[in-house]
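Engineer: Mind having a look at this structure? Questions to follow.
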Amino acid sequence: MSDRRSSSASRSFAPTLSRVLTPALAPVLAFGLIGGMAAPVAAQSLPGSSGSSGNIGSINQVGGSVDPSSAGAGSATIGSTGSTGTESLAGLGTLPSLGTGSQNTLATPPIGMESEPVTVSEVRHKEIGDPRVAGGDTRFERWWIASESMNRVLPVEIWRPTSNAPAPMLYLLDGVDSPSPSGWLLPGHVQDAFAGEHVTLVMPARADGSLHADWQNDDPILSRNKWQTFLTEELPPLLESGELPFTGKRGIAGLSMGAASAVTLAEHRPDLYSAVGAIAGCYTARDDLGFVLAKIVTETRGGNIANLWGPRTDPAYAQNDGLLHAEKLRGKTLYLATATGMPDATEWDRNGRDLLRFSQGTGLEIATHACTVAMDRRLDELGIPARVDYLPTGLHNWDNFGRFIAPMRDTLMPALR
């Protein structure tokens with residue numbers, strides 16, 4: 001497996017941390033994270049206050065989330081030891097609700113369903129430029145798209161290439177808050193990283209806490225979620241109808257919650273994507289830690305995981321397990337990446353000395369590191385090549401995620417050109 005990792009300086013960390021995060025310890029870490037996530041909202045720092053989440057690295061005044069990775073710019077999720085056992089928590093079904101005290105009440109409310117049924121998926125409205133994105137550059141567009149499957153009108157953000165020549169499309173999925181403008185743009189500045197590439201960047205927004213999945217039931221807070229249907233069936237024909245000159249090649253990538261989604265969507269529809277990228281994600285919700293953290297993703301945003309895939313015994317957990325279906329990634333260009341959750345000497349100050357953000361960012365990245373090791377091993381067992389980058393330090397936040405954008409670009413783009 002060692003020849004799969006391109007960050008040789010950190011090779012020793014992957015097996016070390018995965019051994020520490022044994023299945024027996026997974027629930028302990030999971031519930032520790034719940035304890036941090038469930039801190040009363042009143043006790044959290046507000047944007048602009050001392051120790052607020054607005055003081056993390058290059059991110060300024062965009063805080064307001066209990067999740068350190070989102071910083072109001074979208075990120076989060078899961079974590080797993082890579083095991084697929086379901087015994088220890090199976091009898092607890094979906095577990096008790098985390099309660100309203102765990103919810104991120106400062107997050108933008110989810111977009112609800114339309115009062116009149118959406119009978120056809122279509123582009124309802126387009127906005128050209130946004131002063132928050134690259135000073136209003138007109139290559140940024142926000143398409144408001146009516147989804148028949150979700151009965152919702154949702155924003156899809158687009159960054160056009162510099163010329164009108166046909167270009168491939170790279171879908172970029174956000175983390176838990178799935179904000180607008182996308183976290184890939186703010187604070188990720190993905191438009192700068194891809195400035196030398198001829199590619200259309202597509203960033204679906206407002207998939208709050210959804211795992212970009214098709215939910216079994218409508219949720220009173222998170223509304224109707226049929227994101228798999230939207231992203232793989234409804235959206236491509238609208239984007240590829242001619243206004244965005246298209247070569248016929250697509251890639252998909254995500255970070256945190258979106259990393260899991262990118263892998264799962266590529267496995268569900270291997271015909272659609274030539275390249276897949278996943279930064280700091282987890283690829284199964286069937287083990288204890290993965291399940292509990294998937295619950296955190298949905299329920300800190302006000303949803304109920306029972307409306308997603310039901311109790312843990314439901315076959316939907318296996319159907320959406322990235323490790324189980326990794327064979328479907330064969331033949332694609334793959335990029336995975338993670339840090340370790342270990343802080344460097346500047347991390348405490350860059351996190352505004354906010355203990356809640358610091359501890360959550362540490363725990364989540366330790367977990368996603370173990371998840372990435374599990375997927376790395378699974379791909380290695382199957383003989384499927386991938387570039388997998390491990391960095392020895394970094395928490396679950398955009399200061400960390402941003403370091404992986406350029407190597408992901410360099411890995412995926414040759415398959416899309």
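Every number here is computed from the coordinates shown, using simple stated rules; none is lab data. Worth saying up front: this structure is predicted, and the values here are computed from it rather than measured. Virtual Cβ from ideal backbone geometry, glycine too; neighbours counted across all protein chains shown.
Engineer: If you stretched the chain out fully between R124 and E243, how much longer would it get, using 0.36 nm times the residue separation minus the C-alpha to C-alpha distance? Provide the component values of the computation, followed by the final result.
Structural biologist: Working: separation 119, 0.36 × 119 = 42.84 nm, distance 1.46 nm.
Stretched out fully, the R124 to E243 stretch lengthens by 41.4 nm.
Engineer: Past 22 Å, Cα to Cα: identify those pairs from K126/K249; K249/K332; K126/K332, in the order given.
Structural biologist: Details: K126/K249 24 Å; K249/K332 12 Å; K126/K332 33 Å.
Cα-Cα > 22 Å for K126/K249; K126/K332; rest within.
Engineer: Turning to a different aspect of this structure: Amide H to amide H under 5 Å from D219: which residues, 5+ apart in sequence or cross-chain, H placed 1.01 Å off N in plane?
Structural biologist: R224, N225
Engineer: Right, here's the next one. In nm, give the distance between the simple-model label positions of E114 and A165, each being 7 Å from the Cα along the Cα-to-Cβ direction.
Structural biologist: 3.8
Engineer: Same structure again: Run the reach check for K226 against lysines, Cα to Cα strictly under 20 Å, same-chain hits fewer than 8 apart removed. What comes back?
Structural biologist: K295
Engineer: Would you mind counting up the charge near K332? Only other residues with Cβ under 13 Å from its Cβ, with Lys and Arg at +1 and Asp and Glu at -1. Show your work: numbers first, answer last.
Structural biologist: Values: positive: K249, R250, R269, K328, R330, R387; negative: E267, D271, E327.
Overall, the nearby charge balance is +3.
Engineer: Where in segment 271-304 does the label zone of E233 land, with the point 7 angstrom along Cα→C-beta and an amide N cut-off under 19 Å?
Structural biologist: It comes to 271-273, nothing else.
Engineer: Compute the Cα gyration tensor for segment 210-305, then decide on rounded, prolate or oblate, letting a ≥ b ≥ c be the square roots of its eigenvalues: rounded whenever a/c is under 1.5, prolate when a/b is larger than b/c in the other cases, and oblate in all that remain.
Structural biologist: On the way: a/c = 2.63, a/b = 1.56, b/c = 1.68.
It comes out oblate by the Cα gyration axes.
Engineer: Given points 7 Å out from each Cα along the Cα-Cβ axis, report the L382 to Q319 separation in nanometres with one decimal.
Structural biologist: If labels sit at L382 and Q319, their model points lie 1.9 nm apart.
Engineer: Here's another thing I want to ask about it. Would you work out the charge dipole size for segment 143-248 about its Cα centre, treating the Cβ of every Lys and Arg as +1 and the Cβ of every Asp and Glu as -1, and quote it to the nearest 20 debye? Could the numbers behind the result be given before it?
Structural biologist: On the way: 5 positive and 14 negative charges, 22 e Å.
Dipole of segment 143-248, to the nearest 20 debye: 100 debye.
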